[in-house]
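First comes the structure, then the notes that go with it.
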Amino acid sequence: MINIKILSYKSPQRYAVRQTLIGARNELRKTIPELELSITEIKTLEEMEEYTYVVPYPSLVINEKLVCIGRFPKKDEVIGWLQEAME
């Protein structure tokens with residue numbers, strides 16, 4: 001199980017990042033069918049600041065490691081991060 005946190009106080013941003021994560025998961029499941037993700041949305045400023053002070057744009061945490069700060073990640077990047085998290 002890979003634990004993921006989407007950090008953003010704006011719902012449309014969290015939705016966009018979630019869709020990218022789902023796309024990456026679906027791509028990886030072609031070769032790793034047992035891949036499971038636990039996705040949590042962090043919405044409050046206090047919780048987001050535990051990971052980063054960049055809050056106007058979304059950030060992404062995978063297994064408690066901040067991998068993307070203040071931008072929308074690309075699906076290929078997410079695939080790489082998920083593969084790294086499985087090692």
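The values are calculated or read from the model by the stated rules, or taken from the named source; none is laboratory data. Computed from a predicted structure; not experimentally measured. Here the Cβ positions follow ideal geometry from the backbone for every residue, glycine too, while neighbour counts run over all protein chains shown.
Tell me, which residue of the range 1-54 that is more than 20 Å from Lys75 (Cβ to Cβ) and aromatic (Phe, Trp, Tyr) is modelled with the highest pLDDT? Checked the range 1-54; the qualifying residue modelled with the highest pLDDT is Tyr51. Report yes if Glu64 is at pLDDT 95 or above, of a type in the set (D, E, K, R) and touching a helix residue (DSSP H, G or I) at 6+ places or on another chain (Cβ under 8 Å), otherwise no. In short, no. Hey, can you tell me all the residues within the range 39-56 that are of a type outside the set (A, V, I, L, M, F, W, C) and in contact with a Phe, Trp or Tyr (Cβ under 8 Å, 6 or more places away or on another chain)? Once the filter is applied, which keeps residues that are of a type outside the set (A, V, I, L, M, F, W, C) and in contact with a Phe, Trp or Tyr (Cβ under 8 Å, 6 or more places away or on another chain), the range 39-56 yields Lys43, Thr44.
Looking at Glu77, Glu41, Glu27, which is the one that is touching a Cys at 6+ places or on another chain (Cβ under 9 Å) and surrounded by 14 or more Cβ atoms within 10 Å (Cβ to Cβ)? First the steps, then the outcome.
Working: Glu41 fails: touching a Cys at 6+ places or on another chain (Cβ under 9 Å); Glu27 fails: touching a Cys at 6+ places or on another chain (Cβ under 9 Å).
Just one listed residue meets the conditions, Glu77.
Only one of the numbered conditions (1) loosely packed, with under 13 Cβ neighbours inside 10 Å; (2) among the β-branched types (Val, Ile, Thr); (3) not in a strand (DSSP E or B) is violated by Val17, and that is (1).
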